[in-house]
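The values are calculated or read from the model by the stated rules, or taken from the named source; none is laboratory data. All figures in this text were calculated on a predicted structure; none of them were measured in a lab. Glycine also receives a Cβ, built like all others from the backbone with ideal geometry; neighbour counts cover every protein chain displayed.
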Amino acid sequence: MVFRGCYVQVGDAVLEADLIPLDLIDLDIILGMDWLEKHHASAGYFRKEIILKSPGQLEVVFCGERRVLQSCLISAIRAKRLLKFCVGYLAHLIDDILDRKEQRLRSRSILVVEVLWRNQTVEEVTWEPEALMRTEYPYLFN
């Protein structure tokens, strides 16, 4: 079942959306890639914002929260079951790089960075190879 031509208010803008009812707890709506494309969305990951530039509408900047409560998260298995015939993307976002050091391996040394991933506490940080992080998340090193 699809409810076509519904309206979603984002900030001061009212934007059209086709909605599919899902059995969700703690989430109001999931807006997919087709909707984001239709409304000319661009993501500012470092600033945690989505910018919507829909034709005929004012530009809308939606800023995400600094922390997301664990109760708002769903597992990849549950997300796959909810999306069934749709394309969806799950992301693991970084909040910050906390530290940098040289890690000695058997035959060489590499630089590693201490990463605070979103939705994790400082006690759950991980050490990742700096070269990999620079490739995957270059904006963190500007």
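Computed quantities for the displayed model
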{"quantity": "Counted residues, the stretch 46-62 - those being part of a strand (DSSP E or B), within 13 Å of the chain's Cα centre (by Cα) and not aromatic (Phe, Trp, Tyr)", "calculated": "2"}
{"quantity": "Check on Glu16, touching a strand residue (DSSP E or B) at 6+ places or on another chain (Cβ under 7 Å), modelled with pLDDT of 70 or more and not assigned by TED's automatic domain parsing to the domain that holds Glu124", "calculated": "yes"}
{"quantity": "Some residue of the stretch 79-91 being modelled with pLDDT of 70 or more, more than 27 Å from Leu24 (Cβ to Cβ) and in a loop (DSSP other than H, G, I, E, B)", "calculated": "no"}
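Residue-by-condition table, conditions (1) of a type outside the set (S, T, N, Q); (2) modelled with pLDDT of 75 or more:
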{"residue": "Tyr45", "(1), (2)": "yes, yes"}
{"residue": "Leu52", "(1), (2)": "yes, yes"}
{"residue": "Gln70", "(1), (2)": "no, no"}
{"residue": "Asp96", "(1), (2)": "yes, yes"}
{"residue": "Trp117", "(1), (2)": "yes, yes"}
{"residue": "Thr135", "(1), (2)": "no, yes"}
